[in-house]
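Undergrad: Would you mind keeping the following structure in view while I ask a few things?
A short reminder: the numbers here are calculations on the coordinates, not readings from a lab. Values in this document were obtained by computation on a predicted structure and should not be read as measured data. Quick reminder, even Gly has a Cβ in these numbers, built from the backbone with ideal geometry, and neighbours come from all protein chains shown.
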Amino acid sequence: MYTIDIVVRNTPLPISIERKEADDAEQVYQQVLSAMKSESFQIVELTCEKQEGKKVAIVSSAIVAAIVSQKSGSAATGRTPGFFSTATAQ
């Protein structure tokens, strides 16, 4: 399973959708990237393959970043997606 996280301006958590195949995930990533590069406002509509019926529509001007990652069965659950993690010093 591949997760596509989309970071939206002024939103603390990314919007996530999932694809079963790497090619499908890459196609969604390229669609989002193309919308981000466009000078005109576009609505990007996405669906999730894991949760049937999950749909999201995002205005391209609000997209800050897109992240594609592979989700393996052995990955830790409950981890927040993103680039940063915090540690508590003792």
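Undergrad: Under the rule a/c < 1.5 gives rounded, and otherwise a/b versus b/c splits prolate from oblate, where does the stretch 2-70 land using the Cα gyration tensor?
TA: Prolate, because a/c is 1.5 or more and a/b exceeds b/c.
Undergrad: Between Gln27 and Val59, how high is the FRET efficiency from 1/(1 + (r/R0)^6) when r is the Cβ-Cβ distance and R₀ = 30 Å? Nearest 0.05.
TA: Result of the calculation: an efficiency of 0.90.
Undergrad: What is the sum of charges, Lys and Arg at +1 and Asp and Glu at -1, for the other residues whose Cβ falls under 10 Å from the Cβ of Val68?
TA: That sum, taken over residues with Cβ under 10 Å, equals -1.
Undergrad: Under 16 Å Cα-Cα from Lys71, which lysines qualify once same-chain neighbours fewer than 8 residues away are excluded?
TA: Leaving aside lysines fewer than 8 places away in the same chain, those within reach of Lys71 are Lys20, Lys50.
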